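Asker: Pasting a structure below so you can have a look.
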Amino acid sequence: MELGLDTFGDVTLAPGGEAKPAAQVIRDVVEQAVLADSLGLDYFGVGEHHRDDFAISSPDMVLAAIAGQTKRIRLGSAVTVLSSDDPIRVFQRFSTLDAVSSGRAEVTLGRGSFTESFPLFGFDLTQYEELFEEKLALFAELLKQGPVTWSGNTRPALTEQMVYPHTESGALRAWVAVGGSPQSVVRAAHHGMPLMLAIIGGEPLQFAPFADLYHRALAEFGRPELPIGVHSPGHVAETDEQAMEELWPHYAAMHNRIGRDRGWPPLTRLQFNAVASPNGALVVGSPETVARKITKVAKALKLSRFDLKYSHGTLPHDAMLRSIQLYGSQVAPMVRENLAKG
């Protein structure tokens, strides 16, 4: 199983307590990716947002910078908001990333849980479902890297149109990110794309029916077996107590900031403890605790990849570097050993 990392480029705090400039946050993300590569991790994903608490609005640009400083780690988005983008331009950007990284590019496509990009780029939120459905169908055609004929309601039609550049291998791995909708699971299977489950709340094992549905849908559509991945938030420190205490204030502040926009009540410490418990979605603790939790989820969902979303609001850069170090040097070997035992 592949083990990766995801970040949204959360705006962190400088030593004096003030917010870091976005430019420095982006440079910090590149440093984090270089460390992940040096530790032998399999994947580094960068998410797209268009708000002041996340620094990265153009993941492919950041990933291209990372590609120039890394050797083997695969690079992709976490996620690309396809609904408010142009599928052709997305394909071109990631096929170009594939070239500069010598074949290491991937893309994860989603609708996005934040909607700031829709008014920013002139899209109507009432077309939320239609935009993603049509654009994903077009992207599936682009992945064939041949003449594209397509028509829909959300962009001009194409007739036998070639789109360049092609990837060197003739293939670009494109995941579909799903947050908990059975229809989205079936859609990913219909288009023959790997499934990335975003498990950010609740109990991870509750997602086992989605994995089963995906396998059944692939069979019904006559598709071969394809990978299932999980994106889940977490933090690693030397001990469980240290990991919890380091993460709590930053995780709570992030949750409450987003919650003010969405009508959530403030997060309590009891709720945090519950989501960080052995059955919760938050993968936080010592290397042993984190490895045990990842192994449990990987076996239950028959995963091909687990991506730890290691950035959490204002959690400091140094704490994230230490978390990455422990994840790569201790958690990953333990998970692989646990899975090898069956």
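Asker: Specify the residue that is farthest from Ser169 (Cα to Cα); the eligible residues are those in the range 65-119 that are polar (S, T, N, Q) and assigned to a helix (DSSP H, G or I).
Answerer: So the residue we want is Ser117.
Asker: Which pairs do you get when a residue that is surrounded by 10 or more Cβ atoms within 10 Å (Cβ to Cβ), found in the range 257-273, comes within reach of a residue that is among the polar types (S, T, N, Q) and assigned to a helix (DSSP H, G or I), reach meaning Cβ atoms under 7 angstrom, with the pair 6+ apart or on two chains?
Answerer: Pairs that qualify, where the first residue is surrounded by 10 or more Cβ atoms within 10 Å (Cβ to Cβ) and the partner is among the polar types (S, T, N, Q) and assigned to a helix (DSSP H, G or I), are Pro266/Asn256; Leu267/Asn256.
Asker: Answer yes or no as to whether Leu205 is modelled with pLDDT of 95 or more, surrounded by fewer than 17 Cβ atoms within 10 Å (Cβ to Cβ) and either more than 30 Å from Gly68 (Cβ to Cβ) or basic (Lys, Arg) (or both).
Answerer: yes
Asker: Sticking with this one: Which of the residues that make up the range 320-332 are buried (at least 18 other Cβ atoms within 10 Å of the Cβ) and either at pLDDT below 95 or among the small types (Gly, Ala, Ser) (or both)?
Answerer: Listed by number, the residues that qualify are Ser323, Gly328, Ala332.
Asker: Which one is surrounded by the fewest Cβ atoms within 10 Å (Cβ to Cβ), of the residues in the range 98-129 that are closer than 19 Å to Phe139 by Cβ and either touching a Lys or Arg at 6+ places or on another chain (Cβ under 8 Å) or acidic (Asp, Glu) (or both)?
Answerer: Ranking the candidates gives Glu129 first.
Asker: Does the range 333-341 contain any residue that is of a type outside the set (Asp, Glu), farther than 20 Å from Pro227 by Cα, in contact with a helix residue (DSSP H, G or I) (Cβ under 7 Å, 6 or more places away or on another chain) and modelled with pLDDT of 95 or more?
Answerer: There is at least one residue in the range 333-341 that is of a type outside the set (Asp, Glu), farther than 20 Å from Pro227 by Cα, in contact with a helix residue (DSSP H, G or I) (Cβ under 7 Å, 6 or more places away or on another chain) and modelled with pLDDT of 95 or more.
Asker: Next question, about the same structure. If I ask for residues that are of a type in the set (Phe, Trp, Tyr) and part of a loop (DSSP other than H, G, I, E, B), which ones from the range 129-186 would you list?
Answerer: Tyr164
Asker: Then there is this: Among Ala14, Ala23, Ala19, Ala36, which is the only one that is at pLDDT 95 or above, surrounded by fewer than 20 Cβ atoms within 10 Å (Cβ to Cβ) and small (Gly, Ala, Ser)? Before you say what the answer is, go through the steps one by one.
Answerer: Numbers: Ala14 fails: at pLDDT 95 or above; Ala19 fails: at pLDDT 95 or above; Ala36 fails: surrounded by fewer than 20 Cβ atoms within 10 Å (Cβ to Cβ).
Residue meeting the stated conditions: Ala23.
Asker: Hey, could you check the range 150-199 for residues that are crowded, with 16+ Cβ neighbours inside 10 Å and among the β-branched types (Val, Ile, Thr) and say which is farthest from Leu138 (Cα to Cα)?
Answerer: Per the stated criteria, the residue is Ile199.
The values are calculated or read from the model by the stated rules, or taken from the named source; none is laboratory data. Not measured: the values here are computed from a predicted model. When we count neighbours, we look across all protein chains shown, and the Cβ atoms used for this are built from the backbone with ideal geometry, even at glycine.
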